[in-house]
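See below for the structure under consideration.
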Amino acid sequence: MKTRIWDLPLRIFHWALAALAVMAWVSVEIMEDLDLHFQCGYGILGLMLFRLIWGFIGPEHARFGAFVKGPSAVLAYLRGDTSNYRGGHTPLGALSVLLLLAVVGLQATTGLFTDDEYYYFGPLNSYVSDEVVGIMSNLHHLNVNIIFGAIALHLAAIAYYRIVKKENLVTPMVTGKKFDSAKSFSAIPHSQLGLAIVIALLVTAAVIGIASLEVDVSLGY
């Protein structure tokens, strides 16, 4: 049987983040369009803020408390103990999720303070010292390599589960449903879509407010 474990807002977040991350890289490395790059960055920032909130008030499998476990739980899972696994992220998979959220979140945050020394600068650039701007700009450029590594690890894990364990992790993130042969997964009753829309609107307003600071500074206000 198949059990619904991934809610719609979480699935939208997942694929929107993947699309924006690719576009952010393409916009600056191939298209050399920094305006588009900044727009992608604002979109990613909004998604990260949404995920942070959703990780505390979303459905069971979206909550950090449901899948973030200590070292003992990770070691137990590696030894084959799946007694506490309820169908969401595994204790080991949670580490990959946290790594991706951390490095992408760092990229979006540092981008708010960057300065290319010519024209483009982050909206919070003028609120910190030149030293901080330099540190943030360097981190923004160096962190890209860490993101590539985290993505490679994520894709390798998906491939491993597909080839070795014969488990498809991609389709459930599209449909929301995962095959549950032992009937042990905890199904989510609903996606809390209304709550997700409210949070998305609030986050969007916050990001627009941050982005508007860039306009004010460029105009000398």
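In a DSSP loop and with at most 12 other Cβ atoms within 10 Å, the GluC sites (Glu not before Pro) in segment 1-100 are Glu32.
GNM remark for the chain: springs join alpha carbons under 10 Å apart, and the peak mean-square fluctuation among Arg51, Arg162, Arg79 falls on Arg79. One chain, two ends: Ile208 and Ser184. Fully extended at 0.36 nm per residue, the span grows by 4.4 nm beyond their Cα-Cα distance.
Is it possible to state the helix-based mean residue ellipticity at 222 nm for the chain, with each DSSP H run of 4+ residues giving -39500 (n - 2.57), the sum divided by total residues, to the nearest 500 deg cm²/dmol? What is it? Walk me through the numbers on the way to the answer.
Numbers: 8 runs with 145 residues, N = 221.
Calculated at 222 nm, the ellipticity per residue is -22000 deg cm²/dmol.
Among Met48, Met23, Met31, the residue with the largest mean-square fluctuation in a Gaussian network model of the chain, with springs joining Cα atoms closer than 10 Å, is Met31. Taking 0.36 nm per residue of separation and subtracting the Cα-Cα distance, full extension of the segment from Glu131 to Ala156 would add 5.2 nm. Membrane-span-like helices in the chain (whole DSSP H runs, Cα extent of at least 18 Å along the helix axis, mean Kyte-Doolittle hydropathy of at least 0.5): 8-29, 34-57, 91-111, 130-163, 193-218. Modelled spin-label separation between Thr82 and Ala18, with each label point placed 7 Å from Cα along the Cα-to-Cβ direction: 2.2 nm.
Once the cut-off is 30 Å, how many percent of the Cα-Cα pairs in the chain end up in the long-distance tail?
Values: 7530 of 24310 pairs.
That fraction is 31 percent.
Coordinate-derived values only; no laboratory data. Quantities reported herein were computed from a predicted structural model and do not represent experimental measurements. Cβ coordinates were reconstructed from backbone atoms using ideal geometry, including for glycine residues, and neighbour counts include every protein chain displayed.
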